[in-house]
Amino acid sequence: MPESAKPNNGNSITLRSTRGSSSDSERNLAIRSWISKQLTGLAEGFGESLTVERVEIYIDGLTDIPQDRLRVAFSRALYESKFFPKLAELRTLSGQGAEDEKKVEAEAAWRYVNEYLRKWGVNRLPIRSSGKWITAPTLEPRLEYAIRQIGGLWRLNQVTDENFPFIFRDFCEAYALAPLAELMAPQLAERFGDRKLIGNLKQLIEVKETPLQTSGQKPIKAEEPSGRER
């Protein structure tokens with residue numbers, strides 16, 4: 001084990017150094033060291049033992065969260081959790097849950113497709129730059145799916161102050177569902193694809209044809225009663 005990765009006495013952990021510029025490296029190392037100390041104190045409170053590898057996993061999963069929110073997360077974990085918290089629990093306690101991350105990502109995707117629309121237009125026509133024709137780049141499948149669900153780039157181009165909340169909501173929901181839609185695509189194609197629909201229609205027609213009709217015989221018409229029974 002490298003010297004920088006060996007644990008000190010007790011639960012104290014010496015962190016591995018990270019690459020980068022001098023100022024960024026020092027700042028990053030300071031944050032990582034602070035998180036390590038918080039984890040060590042939390043582990044002491046729960047009587048939990050920590051390894052270097054476990055601490056590094058926690059730190060890598062927490063460095064993107066502001067320090068003030070992490071401070072709240074560690075405090076809440078100490079007073080509210082019954083067991084030493086998992087990484088996901090600490091993120092949730094800090095307010096950085098999975099749902100929040102999805103919302104932030106969807107908002108970033110919304111801004112990206114609007115900038116794409118502004119540059120390439122509804123019809124994605126090529127533009128001439130420096131004497132060369134440049135074609136519009138292909139959007140990733142997840143963005144294409146979300147755009148289709150709201151009615152395409154044409155619909156995105158019709159956003160107004162009145163309909164913005166609804167189109168934005170529909171786009172974010174579609175963007176979140178896109179991975180699931182891609183995963184289920186083969187199954188849905190098998191159930192609702194063109195061949196399946198044609199086959200179902202053929203079966204429906206065959207079921208409607210009675211034996212009498214196919215043999216050329218006329219169906220017997222039931223006699224209507226002459227009056228109502230009292």
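Within segment 39-82, track down each residue that is in contact (Cβ under 8 Å) with a residue 40 or more places away in the chain, of a type outside the set (Val, Ile, Thr) and within 16 Å of Asn28 (Cβ to Cβ). Result: Glu56, single match. The set of residues in segment 83-135 that are in contact with a Lys or Arg (Cβ under 8 Å, 6 or more places away or on another chain) and touching a residue at least 40 places away in the same chain (Cβ under 8 Å) contains only Ala109. Checking each residue in segment 170-183 for being modelled with pLDDT of 95 or more and exposed (fewer than 12 other Cβ atoms within 10 Å of the Cβ) picks out no residue at all.
Condition test on Ala88, is it in the same structural domain as Ala174 (by TED's automatic domain parsing), under 27 Å from Ala176 (Cβ atoms) and within 18 Å of the chain's Cα centre (by Cα)? Write out each step before concluding.
On the way: in the same structural domain as Ala174 (by TED's automatic domain parsing): no; under 27 Å from Ala176 (Cβ atoms): yes; within 18 Å of the chain's Cα centre (by Cα): yes.
So Ala88 does not fit the description; no.
Only a single item in (1) in contact with a helix residue (DSSP H, G or I) (Cβ under 8 Å, 6 or more places away or on another chain); (2) within 30 Å of Phe168 (Cβ to Cβ) is not met by Thr63, and it is number (2).
Condition check ((1) surrounded by 18 or more Cβ atoms within 10 Å (Cβ to Cβ); (2) under 22 Å from Glu173 (Cα atoms); (3) among the β-branched types (Val, Ile, Thr)) across all residues:
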site	(1), (2), (3)
Ile59	yes, no, yes
Leu87	no, no, no
Arg91	yes, no, no
Ala109	yes, yes, no
Ser129	no, no, no
Ala146	yes, yes, no
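Comparison of Arg142, Arg118, Arg124 shows that the only residue that is loosely packed, with under 13 Cβ neighbours inside 10 Å, outside the structural domain of Gly47 (by TED's automatic domain parsing) and among the basic types (Lys, Arg) is Arg118.
The values are calculated or read from the model by the stated rules, or taken from the named source; none is laboratory data. Here the structure is a predicted model, which is why all the values come from computation and not from measurement. FYI the Cβ positions are ideal-geometry reconstructions off the backbone, even for glycines, and counts take in every protein chain you see.
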